[in-house]
Amino acid sequence: MFLRTLGEDIANFTKNSSQNFVDELNMLQIWDQPLVGVAGASDPLWEKMKDPHVVGPDHLTPKEWLPDAKSVISYFLPFTEHIRNSNRLHGKPSTEWLYGRYEGEMFNNSLRRLIIGLIEADGGTAMAPALDKRFVITDLQSNWSERHVAFIAGLGTFGLSRSLITPLGTAGRFGSVIVDWELETKPRPYKEFDDYCSKCGKCIGRCPCGAITESGKDNESCSQYLFNILELNKPRYACGKCQTAVPCEYKMP
Ligand code: SF4
Ligand code: SF4
């Protein structure tokens, strides 16, 4: 019941929030309606995230963020067609994509706060690691990876580009909230970490700095490229070429 009304509240917020529209770009809409999933806080995969080959030992489990954690609400915000379309050319990221990534994350933070507020109004306790002062990104890894959370919540699997491929594709952003309520979870509709990737290799040719190869993505090259983009576009930075003009842009290939 809570999840159904939560879905409606998220849908209304996405439709009506002024933060989902960019004033400077002719009221460009950033996000389409999100996908929402739930992971159990006791799922054995949380411990697996600490493996250095997955995320790393600093990745915290839901109970390390919130001792009474029972569930994690995870969602995928897909970019609108206009933003995806603007970024399909090769080379530098489009202006629309840069705004979508930067202003879109402000919307994402407000959505996290909205979900926390709804849970607290119903007597629960909730928190979003991305808004917590303990949240850090060191050595190209964070202590809470929204993509890995979404994988555990059944929203999608990884691609060669290390984007998460959801039923609505890869072009978008993720968010999550940890709650001390037991919410209904569904079995993950996949077995392997990369089930939804067709291995077509189209993302390899899309990367402007050659960070993607047949064996995966070199995070360091990607980060250096993004740093260069930041220098040119402060405070905005983004790329997303490997998420656009590829078969997994807006669907599972
Ligand atoms: S473009 Fe092809 S190889 Fe790359 S992540 Fe998407 S489906 Fe996988
Ligand atoms: S975000 Fe850009 S630089 Fe990074 S892997 Fe994708 S295409 Fe390459």
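Points worth noting:
- Extension gain for Phe2 to Ala121 (0.36 nm times residue separation, less C-alpha to C-alpha distance): 41.6 nm.
- Protein accessible area in the chain, 1.4 Å probe - carbon and sulfur %: 52 percent
- Mean Cα-pair separation over length for the chain, i.e. relative contact order, pairs under 8 Å, 6 or more apart, %: 24 percent
- Given Lys191/Lys217; Lys133/Lys191; Lys92/Lys234; Lys217/Lys251; Lys15/Lys191; Lys48/Lys133, the pairs whose alpha carbons are separated by over 26 Å: Lys133/Lys191; Lys15/Lys191
- Candidates Pro57, Pro34, Pro78, ranked by Gaussian network fluctuation over the chain, Cα under 10 Å, top entry: Pro57
- Cα→Cβ-extended label distance, 7 Å offset, between Arg113 and Asn26, nm: 3.1 nm
- Take region 1-134 with all the other protein chains still there, run a 1.4 Å probe, and you get 49 Å² of accessible area per residue.
- Simple rule: put +1 on each Lys or Arg Cβ and -1 on each Asp or Glu Cβ in the chain, find the dipole, and look at Ser223, Gly91, Gly154; the Cα lying farthest toward the positive end is Gly91.
- Heavy atoms of Leu25 accessible to a 1.4 Å probe, total area in Å² rounded to 10: 50 Å²
- The GNM of the chain, with springs linking C-alpha atoms under 10 angstrom apart, assigns the highest mean-square fluctuation among Val177, Val136, Val149 to Val136.
- Taking GluC sites (Glu not before Pro) across region 153-235, the ones in a DSSP loop with at most 15 further Cβ atoms lying within 10 angstrom of their Cβ are Glu182, Glu184, Glu192, Glu214.
- When the charge dipole of the chain is built from unit charges on Cβ atoms (+1 for Lys and Arg, -1 for Asp and Glu) and taken about the Cα centre, the candidate among Gly40, Asn16, Phe135 whose Cα reaches farthest toward its positive end is Asn16.
- Applying 1/(1 + (r/R0)^6) with r as the Cβ-Cβ distance of Asn16 and Asp51 and R0 = 51 angstrom yields a FRET efficiency of 0.80.
- Excluding exposed DSSP-loop trypsin sites (Lys or Arg not before Pro) (at most 12 other C-beta within 10 Å), longest clean stretch of the chain: 1-132
- For the chain, a Gaussian network of Cα nodes joined below 10 Å ranks Ser221, Ser145, Ser71 by mean-square fluctuation, and the top entry is Ser221.
- FRET efficiency estimate (nearest 0.05) - Cβ-Cβ, Leu89 to Leu131, R0 35 angstrom: 0.55
- Computed 3J(HN,Hα) for region 153-158, one whole-Hz value per residue from the Karplus formula 6.51 cos²θ - 1.76 cosθ + 1.60 where θ = phi - 60°, is 7, x, 7, x, 10, 7, glycine and proline marked x.
- Taking θ as phi - 60° and the Karplus parameters 6.51, -1.76 and 1.60, the scalar couplings of region 31-37 work out to 10, 8, 4, x, 9, 10, x Hz in sequence order, x denoting glycine and proline.
- Applying 1/(1 + (r/R0)^6) with R0 = 25 Å to the Cβ-Cβ distance of Glu184 and Leu230 gives a FRET efficiency near 0.05.
- The chain: calculated mean residue ellipticity at 222 nm from DSSP helix runs of at least 4, using -39500 (n - 2.57): -9500 deg cm²/dmol
- Residues listed by number, region 22-56, amide nitrogen under 17 Å from Thr213 label point at 7 Å toward C-beta: none
The values are calculated or read from the model by the stated rules, or taken from the named source; none is laboratory data. Keep in mind that what you see is a predicted model, and the values were worked out from it rather than measured. Glycine also receives a Cβ, built like all others from the backbone with ideal geometry; neighbour counts cover every protein chain displayed. For the accessible areas, the whole protein counts, side chains as well, though only heavy atoms, and no ligand, DNA or RNA atoms are used. Shrake-Rupley method; radii C 1.70, N 1.55, O 1.52, S 1.80 Å.
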